[in-house]
1. How would Thr204, Thr21 rank on accessible area, largest to smallest, probe 1.4 Å?
2. Give me the percent of accessible area attributable to carbon and sulfur for segment 1-151, probe 1.4 angstrom.
3. Each label point is 7 Å from the Cα along the Cα-to-Cβ direction; what then is the distance between the points at Gln59 and Ala180, in nm?
4. Among Gln52, His107, Val127, pick out the residue whose Cα is farthest towards the positive end of the charge dipole of the chain, where Lys and Arg carry +1 and Asp and Glu carry -1 on C-beta, about the Cα centre.
5. Tabulate in residue order the Karplus-calculated ³J(HN,Hα) for segment 113-118, using 6.51 cos²θ - 1.76 cosθ + 1.60 with θ = phi - 60°, rounded to whole Hz; enter x for Gly and Pro.
6. Can you tell me the accessible area per residue over segment 1-151, all protein chains present, probe 1.4 angstrom, in square angstrom?
7. Taking the alpha-carbon centroid of each part, what is the distance from segment 210-224 to segment 90-130 in angstrom?
8. Using label points projected 7 Å from each Cα along Cα→Cβ, tell me how many nm separate Lys29 and Cys75, to one decimal.
Amino acid sequence: MTAPRKLIIAIDGPAGSGKSTIAARLARKLGYINLESGAMYRAIALKALEQQVSLQDEQALRRLAESSQLQLEPCGEGNRVLLDGRDVSQRIRQDDVTAAASHVSVHPQVRQVLVARQRELGANGGVVMEGRDIGTAVFPNAEVKVFLDADAGVRAERRTLQNGSPTVEEAERVRAEIAARDQRDRSRAVSPLVPAPDAVIIDTTHKGIDEVVAEVEGIVKKAVGE
């Protein structure tokens with residue numbers, strides 16, 4: 001008996017579609033590594049904020065990306081994120097970094113640097129990588145491509161619930177941020193947010209996490225011929 005071959009699984013989708021949670025659980029079930037591309041952009045955004053580098057200065061941001069040491073270590077339902085040896089796992093999830101990351105990620109030169117690193121990390125397979133352009137730009141030859149989507153209102157509600165019991169004002173702010181992020185991601189010149197032509201599109205609006213994980217696992221089993 002030969003061991004099942006290790007695949008590259010690409011999971012893309014907009015903010016709040018559930019891709020981070022789904023990718024982490026799927027990776028754990030399969031014994032794969034979960035590579036969260038968004039965490040890498042968030043880490044560079046954090047460094048830019050700390051060093052007061054303009055989010056519009058593409059050259060300076062590229063230099064930051066090139067000089068930064070980024071590590072993703074599996075931990076529970078996600079990753080422990082190390083930036084230059086420092087644990088920034090919690091810090092990069094805060095609102096100011098989230099907003100900054102969406103600006104950092106639109107710069108082609110920054111994406112070029114981080115995409116190269118992502119390809120190195122996933123080159124040997126056995127990875128679940130999630131982001132916004134994994135199946136179209138990072139790993140266009142991935143054996144499994146999934147695009148998760150959901151109603152924008154539902155995605156905003158999911159994000160607000162992550163912060164406990166939000167006020168009406170907080171909920172409205174998150175809705176506006178989701179809409180703005182969608183616009184930036186879908187309209188950027190390089191690697192816009194679109195499903196790969198051969199991706200399986202899953203609408204998670206009315207589906208629970210376990211249901212989506214099972215659906216994606218079925219796609220994986222089909223890919224390996226089980």
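The values are calculated or read from the model by the stated rules, or taken from the named source; none is laboratory data. Note that the structure is a prediction, hence the values are computed from the model and not measured. Because the Cβ atoms are built from the backbone with ideal geometry, glycine has one as well, and the counts that use them run over all protein chains shown. The accessibility values were calculated without ligands, DNA or RNA, using every heavy atom of the protein model including side chains. Shrake-Rupley method; radii C 1.70, N 1.55, O 1.52, S 1.80 Å.
1. Thr21, Thr204
2. The nonpolar share, carbon plus sulfur, comes to 47 percent.
3. It is 2.7 nm.
4. Projecting each Cα onto the dipole axis, the largest value belongs to Val127.
5. The phi angles translate into 5, 6, 5, 4, 5, 5 Hz.
6. Accessible area per residue: 43 Å².
7. For segment 210-224 versus segment 90-130, the Cα centre distance is 25 Å.
8. Distance between the two pseudo-spin positions: 2.5 nm.
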